[in-house]
Amino acid sequence: MDLARPVRMAIWAPVALGAGSIVYYSLQAEPPPALTGVLTIAGLLAVLACWKAAPARPLLWSILMLAAFAAFGFSRTQHHTLSQDTVFVEDSGRARSVEGWIEAVQNRNGRERIILRVASLDGMDRPPERIRFYARRGEFGPGEGVSARVVLTPPRRPAVPGGYDPAFAAWFSGLGGTGYAIAPLATAEVSGDRWRRLLARWRWQMAEHIRERAAPETSGIAAALITGDRSGIPPDQAEALRVAGLGHILAISGLHMSLFAGGLFFVARAMGAAIPAFARKYDPRIPAALIALTGALLYLILSGASVSTQRAFVMVSVVLLGVLLKRRAISLQSIALAATIILILQPQSILAPGFQMSFAAASALVAAFDLWRRRETHVRQKGTIDRFVGFWGTLSISSLVAGSATAAYAAFHFNRIAVYGLAANLAAMPVFSLVVMPAGALALALAPFGLDGPALAVMSRGLIWVVWIADGVASWPGSLAPAASAPGAVLALYAFGFVLLVAASGLARRIGAVAMIAAYAAWFVHEPPDAFISEEGVVLARFEGEAGAGWASTDRRRARFATSVFLEQAGEPVRPGRDGIECDPRGCAGRAQGLAITASESGETLGEDCAVSDIVVLKAFASPVERAACEARLVDLGELQDGGSIALWLQDGRIIRESQVEARRGRRIWTVSGSGG
């Protein structure tokens, strides 16, 4: 693995950049900005000092180069993070008057949720850039100025230790608060953002137009594929697609962008090649690439330019620029260039599931194609049957390679595995690729002339087939397998091994395979927590009942979201019961792993609870004297409010490990500014 070669270094540069970003985000406290600058300069100076020695000492020079890229990635990530300067609202508990314009409408479990670009917010001289709240929208749509009375809270911390952090995502999206409106929206005069508002209104009108003209069964999906607006997709339909392993079609990403731009490219190239005089004088691929690049840019704008769509646009643009420069378009170098651009512009993407899965799939497919191309010895098949078999064979291998490359990332982030995803993709993706997306692109081109009806009808027929496949596969027994979460170090080890496997050669590639196997082994032996205490003081554990030890909760009405997230991360997506728990008006008690656990409603019986229990969860504040006198592990409301929920590992009648939300998060800029920080 000769990293000193510029071509090889270009592949490994984004790996080093990403490593620097991950190190920054993994820290428990914000490092001094001056220190990161010094490290970057030191890395560059070390590279320059060894420049002349590079031919004689390629390994040393390669290590210094990678260290310099990592230092730059660390510094760039900190600069980008601190430059966001997002404003979070305070949790006042009262309704506030807000004015702004509707940026988007979301569908959350059948309820409409408004994303509002804020012009003014009661009580804040400097309001956040945007807020999100549930409301009765009425006739208002994106782009329109509205006023509302809303109850807002800052973005919440993770529901469980090590879980998804809403405050982190909000920091980079400018989302300053979430909540709900207490009255219908009203008209308001809001100035500024003219072009953004026109674009938002155009996207919404286009989505409404598609939902009206497409088949009712799939009109919401059709609008989502063309405009990125998913507010019209029924929740049960979206869930069926996810369970069947087809949920990726709902997010405009590399697949959609490549199908859209690729379709434009091949149509334009075919039209150019059909004109002999033009084809003899010019390369039809050049104007075709320009047309496809322009179309991809328009698709980016129309779809709302989300982070995943921006990432897809960068990847497609790199491929099309390769065509314009008459270089090999699809290669590990082009994928590495796309990753480098994204990591410089949006370094937080390194932690996003979409970034990890899209680049894993793309790089695995390129590596598999290179391997197949080097070993190909047969003559290309020309018969109709042979071409049909070749098409399905290529599709099967591509689905298998891409699915295998992304399976670990999907299981790690979403705690579930679509068992029959390969079968669903083999049945649905040919129709999606050859019918749905081409018809959607044609409908978009014909919409200004009012001639998009037939194209939308064809698109709808294809989507009906896709949804039918999803419903059928989702109904199969065991279609969704739970997967327990693993420490972040396990995913890092897997990713390191994966990069070596697809980008290296020889011994390094074998080391990568060993690293991936080791990551799977570590994941397999990792023990999830045995008990959970929510911020509200609800205890969830494997309480010992008449039917054995099973998950049970001291309160099934409160903290339902937190307990469901915990069970998903534990690989146990079950509904907790009450077996093994005895309750009265003063609280609940039970035994788990040989420990007596009590959840007390007040401090009236604290002394008695501490005497007979090993763990006492008090839904009130305990005084320092009471805490000192309690021989049990006492968790009171103050500790939960300050530190968040707690996960416990229990064994043989003792607590062997604890993990709390704020201890896992550390003190970072998005935690200090957000809720619970």
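Could you check what % of the DSSP bridge pairs in the chain are antiparallel, to the nearest 5?
On the way: 60 of 73 bridges.
Of all bridge pairs located within the chain, approximately 80 percent are antiparallel.
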Stretchable slack from Arg575 to Ile286, in nm (0.36 nm times residue separation minus alpha-carbon distance): 98.3 nm
Among Phe561, Leu540, Gly550, the residue whose Cα sits farthest towards the positive end of the charge dipole of region 520-575, when +1 is placed on the Cβ of each Lys and Arg and -1 on the Cβ of each Asp and Glu, is Phe561
Residues of region 209-224 with backbone N under 15 Å of the label point set 7 Å from the Cα of Ala457 along Cα→Cβ are 213-216
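Is region 168-240 rounded, prolate or oblate when judged by the Cα gyration tensor, a ≥ b ≥ c being the square roots of its eigenvalues, rounded requiring a/c under 1.5 and prolate requiring a/b larger than b/c?
Prolate.
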Could you please report the charge total around Pro454, scoring K, R as +1 and D, E as -1 over all other residues with beta-carbon less than 12 angstrom from its beta-carbon? +1
Semi-axes of the equivalent ellipsoid for region 629-668, please: Cα gyration tensor eigenvalues, times 5, square-rooted, ordered largest first, whole Å. 21, 15, 7
Within region 203-238: backbone nitrogen closer than 20 Å to the Leu446 label point (7 Å, Cα to C-beta): 206-227
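Assuming 0.36 nm per residue, please report the length gained on full extension of the stretch Arg194 to Glu139 beyond their Cα-Cα distance. The partial results should precede the final answer.
Details: separation 55, 0.36 × 55 = 19.80 nm, distance 2.03 nm.
Full extension from Arg194 to Glu139 adds 17.8 nm.
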If packing is taken as the average number of other Cβ atoms within 10 Å across a peptide's residues, how do 617-624, 462-469, 650-657 rank, most packed first? 462-469, 617-624, 650-657
Where Rh is the Kirkwood radius over Cα pairs, Rg/Rh for region 466-505: 1.26
Per-peptide average of other Cβ atoms within 10 Å, ordering 438-445, 606-613, 27-34 highest first: 438-445, 606-613, 27-34
Rounded, prolate or oblate (a/c below 1.5 giving rounded, otherwise prolate when a/b exceeds b/c) for region 531-673 by Cα gyration tensor: oblate
From the Cα gyration tensor of region 274-343, with a ≥ b ≥ c the square roots of its eigenvalues, which class applies: rounded if a/c is under 1.5, or else prolate if a/b is larger than b/c, or else oblate? oblate
What does the charge dipole of region 173-292 about its Cα centre add up to, to the nearest 20 debye, if the Cβ of each Lys and Arg holds +1 and the Cβ of each Asp and Glu holds -1? 620 debye
Multiply the residue separation of His526 and Val267 by 0.36 nm, subtract the distance between their alpha-carbon atoms, and state the gained length in nm to one decimal. 88.1 nm
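Where does the chain land at 222 nm, in deg cm²/dmol rounded to the nearest 500, when only DSSP H runs of n ≥ 4 count, each adding -39500 (n - 2.57), divided by all residues? Provide the component values of the computation, followed by the final result.
Values: 25 runs with 359 residues, N = 677.
Helix-only estimate at 222 nm: -17000 deg cm²/dmol.
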Give the whole-number value, in cubic angstrom per residue, of the convex hull volume spanned by the C-alpha atoms of region 600-673. 99 Å³
At Gln28 and Val612, where each label point lies 7 Å from the Cα along Cα→Cβ, what is the point-to-point distance in nanometres? 3.8 nm
When the convex hull of its Cα atoms is projected in every direction, mean area for region 6-84 (nm²): 5.4 nm²
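Per residue, how big is the convex hull around the C-alpha atoms of region 122-226? Give it to me in cubic angstrom, could you? Display every interim value, and only then the final one.
Working: hull volume 17.1 nm³, N = 105.
Each residue corresponds to 163 Å³ of Cα convex hull volume.
What FRET efficiency comes out for the pair Asp122/Asp85, r = Cβ-Cβ distance, R0 = 25 Å, nearest 0.05? If you can, show how the numbers build up before the last one.
On the way: r = 21 Å, r/R0 = 0.86.
After rounding, the FRET efficiency stands at 0.70.
Only four residue types carry charge here, +1 at the Cβ of Lys and Arg and -1 at the Cβ of Asp and Glu. Report the dipole size of the chain about the Cα centre in Debye, rounded to the nearest 20.
On the way: 64 positive and 53 negative charges, 723 e Å.
The dipole magnitude comes to about 3480 debye.
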When you have a sec, figure out the Kirkwood radius of the chain from all distinct Cα pair distances and drop it here in Å to one decimal? 28.0 Å
Amide H of Asp530 versus every other amide H placed in the peptide plane: which residues, excluding those fewer than 5 positions away on the same chain, fall under 5 Å? Leu648, Trp649, Leu650
Cα-based Rg / Dmax (Å) for region 225-482: 18.8, 60
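Please compute the net charge surrounding Gln651, taking Lys and Arg as +1 and Asp and Glu as -1 over other residues with Cβ under 15 Å from its Cβ. Don't jump to the answer; show the numbers that get you there.
Details: positive: Arg542, Arg591, Arg633, Arg654, Arg657; negative: Glu527, Asp530, Glu544, Asp614, Asp652, Glu658.
After counting each charged neighbour, the total is -1.
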Considering only Phe414, Val105, Ala513, whose Cα is most displaced toward the positive end of the charge dipole of the chain, charges sitting on Cβ of Lys, Arg (+1) and Asp, Glu (-1)? Ala513
List residues of region 137-169, by number, whose backbone nitrogen lies under 19 Å from a label position 7 Å along Cα→C-beta of Ser92. 147-156
Short to long, in 10 Å steps from zero, the percent of alpha-carbon pairs of region 89-160 per bin is 19, 53, 25, 3
For region 102-226, whose charge dipole is built from +1 on Lys and Arg Cβ atoms and -1 on Asp and Glu Cβ atoms, the candidate among Ala200, Tyr134, Leu185 with its Cα farthest towards the positive end is Tyr134
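Taken together, the values in this text are just the output of simple stated rules run on the coordinates, not laboratory data. Everything numeric in this text was worked out from a predicted model, so none of it was measured. Here Cβ is always computed from backbone atoms with ideal geometry, including for glycine, and neighbour counts include all displayed protein chains.
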